[in-house]
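Read-outs: derived from the displayed coordinates by stated rules, not from any lab. The structure displayed is predicted, hence computed values, not measured ones. All Cβ positions, glycine included, derive from the backbone under ideal geometry; neighbour counts span all protein chains shown.
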Amino acid sequence: MKNGEIYPSWLTISAVRNRDRFITHFVAVFTNISSLKHAQAQLDYQAHHDPLTGLPNRTLFENRLQAALAHSTESQSVGAVLFLDLDRFKHINDSLGHPVGDLLLKGIAQRLKENLRDIDTVARLGGDEFIILLPGLQSGSDSKAIATTLLNSFSAPFQAGEHEFPSAPVSAPRCSPLTAPKSPRSSKTPMPRCTAPRQKAATASKVTPVISPPSQRAHRAGA
């Protein structure tokens, strides 16, 4: 562009020949494809993010989960996963309306992002279910500290339009440890599965982080 701005372009070069079929020169045509690239970026964002909260969706979370498992195996580091959902969320939707419920979900998503590290991933699985990936931990106590911070953040009021919620009751199920795919050729990493009924997480002691040190996975495999 004349203003010096860099932009993506599609370049087509054609050879020009004379009557004897010898190439005399070339003609280059540049086409600005900024709008096309922008549209592609929007489609990619929509395919990997929740439309309501803007959080990563299940697809993006699984991609990052695979990367975290690979890094954990290589670096012998610890990782954790937390599942969170809301108590009585259906009652909020039924009594106050879905718009209020949507605002509450957006507020919770923002609260979660504000209290996590840059390398963490919080995703919305659907409804009132959230899942959090905590890679690169130094020890299991780190995940408990993060869980405590998250639970404490929910004790502050939430504003949803004209309605104020004094707190957001959160439940967290116990989950199985993260394990890499049995087959190295497998392109899919299974999501952790819950192994116990959901409990109201009123204190950090009721949140069960999923710790997955590679050394422990190897010990279990040899047991």
Using packing as a proxy for protection, rank 29-37, 82-90 so that the peptide with the highest average count of other Cβ atoms within 10 Å comes first. 82-90, 29-37
What are the semi-axes of the equivalent ellipsoid of the range 1-48, taken as the square roots of 5 times the eigenvalues of the Cα gyration tensor, listed largest first and rounded to whole Å? 35, 14, 5
Short version: ³J(HN,Hα) in whole Hz for each residue of the range 50-64, in order, from phi by Karplus 6.51 cos²θ - 1.76 cosθ + 1.60 (θ = phi - 60°), x for Gly and Pro, what are they? 6, x, 7, 9, x, 6, x, 9, 4, 4, 5, 4, 5, 4, 6
Residue-span extension gain [THR12 to GLN110] - 0.36 nm each, minus C-alpha spacing: 30.7 nm
Ratio to report: Rg/Rh of the range 1-108, with Cα atoms as the point set and Rh obtained by the Kirkwood method; give two decimals. 1.30
The set of residues whose placed amide H lies less than 5 Å from the amide H of GLY136, leaving out same-chain residues fewer than 5 positions away, is VAL78
Under 5 Å from the placed amide H of ILE33, counting only residues 5+ away or on other chains, we find SER9, TRP10
